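Heads up: the structure comes next, in structure tokens.
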Amino acid sequence: MSKTRRDGFTLVEALVAMAIAAAGFAGLYQLLSGAAQLERSAQQVQSMTVVAESVLLRTPFMPAGQALQGAEGEYEWSISAIADPELATLSIVTVTVFSPDGRSLRLRSARPAQEQLAETEEAERR
């Protein structure tokens, strides 16, 4: 029996190694592209939140039943107020921000009702 020396890899071994590496790279690509998409989504939610808070701060008082709409950058928004059914001294103000891709974010806040604000201002003047 003669022994032959074998150096390197056979063609089958090289193909199997390349297939395993390709599968690993494909999985890594999917993982990274998914992470990038999640980051874009998080940035969009953060931008929409900033717009909602900005609209809420620029509108210190809204009578119940009133609604406004507008746009800020690429986002459209609407703000409305309703009387709080449980506490007559409060209004519930809702800001909704819409993104160009159809997503929406809603922010709600309780504010003193118009009558409550008038009483507070009158008491401060005394």
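The values are calculated or read from the model by the stated rules, or taken from the named source; none is laboratory data. Please read these numbers as outputs of a predicted model, since none were measured by experiment. Here Cβ is always computed from backbone atoms with ideal geometry, including for glycine, and neighbour counts include all displayed protein chains.
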Next on the checklist: If the requirement is being exposed (fewer than 10 other Cβ atoms within 10 Å of the Cβ) and within 16 Å of the chain's Cα centre (by Cα), which of these qualifies: GLY8, GLY73?
Outcome noted: GLY73
Checklist outcome for this item: Those residues of the range 101-122 which are under 17 Å from PHE61 (Cβ atoms) and either of a type in the set (Val, Ile, Thr) or modelled with pLDDT of 65 or more (or both) amount to LEU107, ARG108, SER109, ALA110, ARG111, PRO112, ALA113, GLN114, THR120
Checklist entry - Can you tell which of SER109, SER91 is surrounded by 13 or more Cβ atoms within 10 Å (Cβ to Cβ), of a type in the set (S, T, N, Q), in contact with a strand residue (DSSP E or B) (Cβ under 6 Å, 6 or more places away or on another chain) and under 26 Å from SER41 (Cα atoms)? => result SER109
